[in-house]
1. Looking at (1) modelled with pLDDT of 95 or more; (2) among the aliphatic types (A, V, I, L, M); (3) not in a helix (DSSP H, G or I), can you tell me which one residue 1 breaks?
2. Assigned to a helix (DSSP H, G or I), at pLDDT 90 or above and of a type in the set (Lys, Arg): which single residue out of 59, 19 fits that description?
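The values are calculated or read from the model by the stated rules, or taken from the named source; none is laboratory data. Just so it is clear, the model here is predicted, and its values are computed rather than measured.
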Amino acid sequence: MMKQQTDTSFSYKDLHEIRVRKEMIRREIQTDDVRIKALWNELFHPRRSSVDTTTPSKRLSRFINTSAGILDGAILGWKLYQKFKKMR
């Protein structure tokens, strides 16, 4: 993925060599940054195809699934409320 340099000691003879090395390192950092951003977005922001979000059957399925989860959470909350209310 990223290059690891084993030799970190460089001998520079003039300021031009330092500037050239600095520019090389800056470019490496920028390319690594672009790769990291692309991987991050691919990992945490998956692409949704337009077909999945626009078909009525997919929307209905997603709506029913979400509604069932909300209803399940509400029933669980009510049961826990009743259980701990009796313990007082």
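1. Only one criterion is unmet by residue 1, namely (1).
2. Working: 59 fails: at pLDDT 90 or above.
Going through 59, 19 in turn, just one is assigned to a helix (DSSP H, G or I), at pLDDT 90 or above and of a type in the set (Lys, Arg): 19.
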